[in-house]
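Below is one structure, written out as structure tokens; comments come after it.
None of the figures in this text is laboratory data; all of them are computed from the coordinates on show. Predicted, not measured: the structure shown is a model, and the values here were computed from it. When we count neighbours, we look across all protein chains shown, and the Cβ atoms used for this are built from the backbone with ideal geometry, even at glycine.
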Amino acid sequence: MTNCNGKTALVTGASRGIGRAAALALSEAGAQVLVHYSQGKAEAEAAVRQIRTAGGRAEAVGADLSTADGPGRLAERVHEIVGERLDILVANAGVAKAVSIEETTVEDFDRLFAVNVRAPFFLVQHLLPILQEGSSIVLVSSLAARASVGTLSAYAATKGAIDTLVKHFASALGPRGIRINAVAPGVVRTDMSSFTKTDAGRDFALGIQSLKRLAEPDDIGDVIAFLASDRARWVTGGTIQVDGGSKL
Ligand code: NAP
């Protein structure tokens, strides 16, 4: 695929998991990719090396997106690297915590909303000046936003907020030629869903899915790369379920 040739992309949380897979898929499609990380500098640099070895262009960019000024700092860094033209933003970085309603703390709740909702919102705000006509934003929602799966109510609420933001952003930014969508993965084999390493966890995941295998990060990354590309030029304002037919 070369349908992102000449485009610039920022993928947050690209040091591992779904973000890393999206960064690799966008690079394969021809984009220059900024591989964002927070704690995983070495992993992000490894992804950059992998992209460069395959002939692509990539840079690692670090920022903690749990802080109020994190999105602004990241946007400044992106501006320094790509100049006035960013074509693709994948706001993927996220945190989850499986915890009952009774045991959820205010700190848990605030951290989930800071990383999963506040950061994407203000990253979009700060990057708008360099998001050109024809650019595409992809946010990452979750199966948890539409179905009760595990003790995830606060996390699920952050993803419900993403589904809402997508509609409002798409309406507001459409006249500028900017598309915005979300993908909603089900259970994906990453550090976040480490419960899939146990037999019970694997059985749970397969039990809620129509397709009977565990999802790999590139099952999601490929759909993100499609939504980011011009092939999805008439798709905006939607949350696309990418979950092997979970909880149908
Ligand atoms: P993961 O493997 O745990 O990776 C999380 C990524 O987010 C890492 O790159 C991490 O960066 C970054 N991150 C975490 N806290 C951050 C912070 N404070 N500031 C900046 N970056 C931060 O998770 P994943 O499974 O790939 O999840 C990616 C997205 O998919 C998330 O939005 C998640 O909610 C969503 N999702 C996942 C699943 C699933 O089953 N895995 C299902 C539905 C939705 P560092 O490692 O560099 O710190």
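Where does helix 17-28 land angle-wise versus the long Cα axis of the chain, in degrees 0 to 90, nearest 10? Once rounded, the angle reads 30 degrees. Taking 0.36 nm per residue of sequence separation and removing the Cα-Cα distance, the E102/Q39 pair yields an extension gain of 19.7 nm.
For D230 and R73, what is the calculated FRET efficiency with R₀ set at 41 Å and r taken between the beta-carbons, to the nearest 0.05?
0.85
Taking only pairs that are 8 or more places apart or on different chains, how many Lys pairs in the chain have Cα atoms under 20 angstrom apart? Total qualifying Lys-Lys pairs in the chain comes to 6.
Can you give the FRET efficiency to the nearest 0.05 for L211 and Q50, using r as the Cβ-Cβ distance and R₀ = 25 Å? Here the calculated transfer efficiency is 0.35. The angle between the Cα long axis of helix 153-173 and the longest principal axis of the Cα atoms of the chain comes to about 30 degrees, rounded to the nearest 10.
Inter-label distance, R85 to F195: 4.6 nm, where each label sits 7 Å from its Cα along the C-beta direction. Between K97, K197, K167, the GNM of the chain built on Cα springs shorter than 10 angstrom shows K197 fluctuating the most. Taking Cα centre as origin and charging only the Cβ of basic (Lys, Arg, +1) and acidic (Asp, Glu, -1) residues, the dipole magnitude of the stretch 8-242 rounds to 440 debye. Using only the alpha-carbon atoms, how far is helix 41-53 inclined from the longest principal axis of the chain? Give it as 0 to 90 degrees, nearest 10. On a 0 to 90 degree scale, this one is about 60.
For the pair the stretch 91-116 and the stretch 38-68, the centres of their Cα atoms are 24 angstrom apart.
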